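The values are calculated or read from the model by the stated rules, or taken from the named source; none is laboratory data. Keep in mind that what you see is a predicted model, and the values were worked out from it rather than measured. Cβ: placed from backbone, ideal geometry, glycine included. Neighbour counts: every protein chain shown. Calculation scope for accessible area: heavy atoms of the full protein, side chains included, ligands and nucleic acids excluded. Shrake-Rupley method; radii C 1.70, N 1.55, O 1.52, S 1.80 Å.
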Amino acid sequence: MFPSSNYSFSPSTMFSVYASLSGSLMLFRSMLNDCVPQRLRSYIYENLMGRFFTPKSKHLTLIIEENAKFKRNQVYDAAEIYLRTKIGPETERLRVWRTPKQKHITATIDKGEAIRDTFEDFQVKWLHVHTEYENSTKAERYYELTFDKELRERVLDSYLNHVTAEAEKIKKDLRVVNLYSRDVHRSNDDDGDAGREWGCISLEHPSTFETLAMDPSAKKKIIDDLERFLKRKEFYKRVGKAWKRGYLLYGPPGTGKSSLIAAMANYLKFDVFDLDLSSISHNGELKRILLSTTNRSILVIEDIDCNAEVRNREDENQEIGEGGEKRKRRDDDDDEDRILNFIDGLWSSFGDERIIVFTTNHIDRLDPALLRPGRMDMHIHMSYCTGLAFRTLVSNYLGLDGLNHPLCEEIEKLIDSTEVTPAELAEELMQDDDTDVVLRGVISFVEKRKDEKSKVKANEDVSTCKEVVSTNDDSHGKQSSTKNHKQAGKPKGRGMKRQKLMENIMTNE
């Protein structure tokens with residue numbers, strides 16, 4: 001069927017043909033370089049030649065740059081954190097550092113290093129690229145994420161969301177909680193993200209909800225409220241409310257208001273901003289300070305009932321003549337308006353995941369307008385210590401389970417029947433290393449406090465009786481003076497009762 005061929009190709013013939021073709025190609029390339037402009041040659045190589053001679057790749061590569069539109073790329077930051085947990089024995093180069101305020105050494109992959117990661121049933125490849133330009137201090141950093149083209153939708157919709165979520169968990173676990181104040185000088189070593197208005201130190205307060213001497217049911221209520229607040233981002237957006245929550249902590253000194261704030265910060269991993277409203281002179285300054293705070297933070301205003309009072313005392317020293325009282329009243333109103341605008345005005349809706357905590361020792365001194373929901377959403381009464389709260393103190397300071405020691409039950413009954421703060425009991429629990437000696441000392445202290453309270457209450461009752469009797473005597477004296485000429489010498493039964501009451505009071509004294 002096919003004609004036979006009499007031609008045969010010897011090795012020398014093949015070599016001769018190859019040499020001829022190579023020479024022709026070299027001549028063609030030389031002529032192309034000499035006669036065709038550079039731009040046209042680049043177009044031919046990249047478009048025409050590449051289209052016909054370069055095989056199509058089965059992979060797709062995503063470029064994740066460090067910055068996007070002059071802002072930090074959140075996907076890049078999340079990838080950098082996430083990949084720290086994927087470093088394996090095959091990695092050859094790492095970048096390692098630790099800032100002055102970090103507790104642990106941080107390591108991440110160096111430029112040119114690759115990491116393979118598996119998610120669900122597919123695998124991806126990460127490559128860290130760092131490009132430096134000559135005669136320039138700028139550098140370009142980005143990650144290349146390579147995977148099969150058919151996985152594009154799954155990577156964009158599921159995998160990158162997984163990377164972002166895992167990075168947030170890692171940040172929360174490793175985050176150092178900072179305490180910000182305008183009275184602290186800002187240094188170059190500060191790791192905080194707040195504006196220049198604030199200086200910060202690490203919040204190393206050890207208080208947690210586990211160690212907080214507070215009624216267990218009250219602690220659970222607070223924790224549940226915090227968790228519910230964190231999960232309601234879309235809810236707040238849907239109902240048209242700013243994603244913030246206000247708490248009012250009120251009660252006598254020494255009941256643990258500051259410890260509760262520290263426990264909230266440690267539980268949520270939120271930074272704390274301590275703000276003194278009395279140091280703010282006008283609304284413009286307040287706005288600037290609010291804008292310089294960060295998301296996921298707790299803004300604390302302690303002793304809110306004293307902010308206006310401090311300013312009032314300063315104003316009283318400056319009052320002159322009849323105009324002084326008017327100026328004092330105007331400053332009071334300005335303080336109140338500033339606080340109200342601060343809590344629920346337009347400028348209070350900035351940022352996300354903001355918690356505002358107010359503290360006071362005297363809730364009765366606050367304007368009722370400050371206490372309504374939306375300004376102070378949850379009122380938490382920091383009461384005197386209870387028997388259940390004392391069990392936490394015993395566990396913290398003595399390492400005991402209060403139910404297993406015979407003296408603890410007696411102490412709990414005494415505590416429930418009197419008023420004593422957790423701070424006072426904590427001081428008593430540090431008086432000795434012997435457990436029995438300490439607990440007997442607590443019993444003596446609580447009994448003494450109970451007797452003192454009883455005497456004070458008895459004296460208050462006596463004083464009240466005296467005031468009532470004195471008021472009745474004055475009132476009856478005025479009435480009887482108009483009738484003496486009609487009832488002279490007539491005995492008065494009410495006067496005899498008052499005389500007996502006074503005798504009983506004097507006897508009690």
Enumerated strands (runs of 3 or more DSSP E) restricted to the range 207-316, each holding at least 1 residues that are closer than 14 Å to I380 by Cα and among the hydrophobic types (A, V, I, L, M, F, W, C): 244-250
Looking at A242, is it among the small types (G, A, S), modelled with pLDDT of 95 or more and either open to solvent by less than 60 Å² (accessible area, probe 1.4 Å) or farther than 22 Å from L366 by Cβ (or both)? no
Which condition number in (1) under 30 Å from D434 (Cβ atoms); (2) open to solvent by less than 70 Å² (accessible area, probe 1.4 Å) is the one that K413 fails? (2)
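Yes/no per residue for (1) free of Cβ contacts under 8 Å to residues at least 12 places away in the same chain; (2) open to solvent by 60 Å² or more (accessible area, probe 1.4 Å):
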{"residue": "F390", "(1), (2)": "no, no"}
{"residue": "D401", "(1), (2)": "yes, yes"}
{"residue": "L407", "(1), (2)": "no, no"}
{"residue": "T418", "(1), (2)": "no, no"}
{"residue": "L425", "(1), (2)": "no, no"}
{"residue": "E428", "(1), (2)": "no, no"}
{"residue": "K450", "(1), (2)": "no, yes"}
Restricting attention to the range 261-272, does a residue exist that is among the aliphatic types (A, V, I, L, M) and at pLDDT below 90? no
Can you name the condition, by its number, that E113 falls short on among (1) more than 19 Å from H162 (Cβ to Cβ); (2) open to solvent by 50 Å² or more (accessible area, probe 1.4 Å); (3) without any contact (Cβ under 8 Å) to a residue 24 or more places away in the chain? (2)
Some residue of the range 357-374 being small (G, A, S) and modelled with pLDDT under 90: yes
Residue match in the range 229-236 (condition: open to solvent by 40 Å² or more (accessible area, probe 1.4 Å), over 23 Å from P373 (Cβ atoms), modelled with pLDDT of 85 or more and not hydroxyl-bearing (S, T, Y)): no
Is it true that some residue in the range 76-88 is among the basic types (K, R) and open to solvent by 100 Å² or more (accessible area, probe 1.4 Å)? no
Counting only residues in the range 160-183 that are touching a Gly at 6+ places or on another chain (Cβ under 9 Å) and farther than 18 Å from M264 by Cβ, the one most open to solvent (accessible area, probe 1.4 Å) is identified as D183
Looking at the range 359-372, I want the residues that are farther than 24 Å from S259 by Cβ and in a helix (DSSP H, G or I) and have a partner that is open to solvent by 40 Å² or more (accessible area, probe 1.4 Å) and at pLDDT below 85 with Cβ atoms under 8 Å, at least 6 apart or on another chain. Which pairs are those? A369/E336
Looking only at the range 119-148, count every residue that is touching a residue at least 24 places away in the same chain (Cβ under 8 Å) and loosely packed, with under 11 Cβ neighbours inside 10 Å and tell me the total. 1
Which residue pairs have Cβ atoms under 7 Å apart, sit 6 or more places apart or on different chains, and have a first residue in the range 98-109 that is over 20 Å from L203 (Cα atoms) and a second that is open to solvent by less than 30 Å² (accessible area, probe 1.4 Å) and assigned to a loop (DSSP other than H, G, I, E, B)? I109/T91
